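**Student:** Okay, handing you the structure first.
Taken together, the values in this text are just the output of simple stated rules run on the coordinates, not laboratory data. As the structure is a computational prediction, the values presented were derived from the model and not from experiment. All Cβ positions, glycine included, derive from the backbone under ideal geometry; neighbour counts span all protein chains shown.
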Amino acid sequence: MMEEQELNFNYKTRYFTQGELTPVTNKIWFVLHGYGQLARFFISKFNVLSKAGVHVIAPEGLSKFYLEDVTSRARTGNNRVGATWMTRENRLADIDNYLTYLNTIYLKEVPQNFRGEITFLGFSQGATTATRWAIEGNAVFNQLVLWAGILPSDMNFETAHEKLKDKKIIEVFGKTDPYLTDERLKEVTSLHERLNINPKLIEFDGGHEINQDVLVKLIQ
């Protein structure tokens, strides 16, 4: 008879930082990439922040995969790799693993005496990851930015409300984002009502992307 087993073991992985962390640093941003992206490329989109004195930290999804299947790679020679935070297969274990990973980075990177502003930004799939971390993790933060993504629909809304009610919540969308359908917008509104929060909404002229002008506004 087949039985599913479970174990814990030490796991080595990576993350990336940008901008020097000094005694005068007053802003730390954790930026979580979207589906199929890699942190070393994603973090470069936040150069404008590090140039302004923000210490930027880019964790990376623990699961990697080739962006094209075997047949396509053989034909095109494209061996690009992406990462994901989770899939539907064994998803609860994926969530536990990335929460542990993110909490561990936080403890390593954020000084115990840090009194500045800490932001969690999640882009696309990273938005649900950042939200779960904000709700279920043990990290202190001030601002949650959901960029081209939405709140997770399966969260504990009572717990989430208590955790987020005093935080600054910002949602950013590109006006031509192909994923921003009418149905998606209705889901966003419904989740806000269930959570009983009223996030600040920022729209920009663009699609499913990070917009530099918006980033500058967010640190002013």
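**Student:** Mind checking which of Asn103, Asn113, Asn138 has the largest fluctuation in a GNM of the chain, springs on alpha carbons under 10 Å?
**Tutor:** Asn113
**Student:** What nm value, rounded to one decimal, do you get for the distance between Asn113 and Asp213 when each label is placed 7 Å out toward the C-beta?
**Tutor:** Computed distance between label sites Asn113 and Asp213 equals 4.2 nm.
**Student:** Only four residue types carry charge here, +1 at the Cβ of Lys and Arg and -1 at the Cβ of Asp and Glu. Report the dipole size of the range 1-104 about the Cα centre in Debye, rounded to the nearest 20.
**Tutor:** The calculation lands at about 660 debye.
**Student:** For the range 180-220, list residues with backbone N below 15 Å from a point placed 7 Å from the Cα of Lys168 toward its Cβ?
**Tutor:** Within reach of a label on Lys168, which here means backbone N under 15 Å from a point 7 Å along Cα→Cβ, the range 180-220 contributes 199-202, 214-220.
**Student:** Between Lys167, Lys108, Lys45, where does the largest GNM mean-square fluctuation fall for the chain, given springs only between Cα atoms within less than 10 Å?
**Tutor:** In the Gaussian network model the winner is Lys108.
**Student:** Please compute the alpha carbon radius of gyration of the chain, then divide it by the globular-protein estimate 2.2 N^0.38 Å. Two decimals is fine.
**Tutor:** 1.05
**Student:** Here's another thing I want to ask about it. Considering all alpha-carbon pairs of the range 84-166, what whole percent are spaced by more than 14 angstrom?
**Tutor:** Result for the distance tail: 64 percent.
**Student:** Follow-up question, since we're still on this one. Quick check for me: using +1 on Lys/Arg Cβ and -1 on Asp/Glu Cβ, what's the dipole size of the range 100-190 about its Cα centre, in debye to the nearest 20?
**Tutor:** Rounded to the nearest 20 debye, it is 280 debye.
**Student:** Work out, step by step, the length gained on full extension between Asn142 and Asn90: first 0.36 nm times the residue separation, then minus their alpha carbon distance; give nm to one decimal.
**Tutor:** Answer, rounded to one decimal: 15.6 nm.
**Student:** Related question: Hey, what number do you get for the chain at 222 nm if only DSSP H runs of n ≥ 4 count, each worth -39500 (n - 2.57), divided across all residues, to the nearest 500?
**Tutor:** It lands at -10000 deg cm²/dmol.
**Student:** Given +1 on the Cβ of Lys and Arg, -1 on the Cβ of Asp and Glu, and no further charges, what dipole in debye does the chain carry about its Cα centre, rounded to the nearest 20?
**Tutor:** That gives the chain a dipole magnitude of about 760 debye.
**Student:** At a Cα cut-off below 18 Å, give the lysines reachable from Lys200, other chains included and same-chain residues fewer than 8 away excluded.
**Tutor:** Correct list for Lys200: Lys163, Lys165, Lys167, Lys168, Lys175, Lys186, Lys217.
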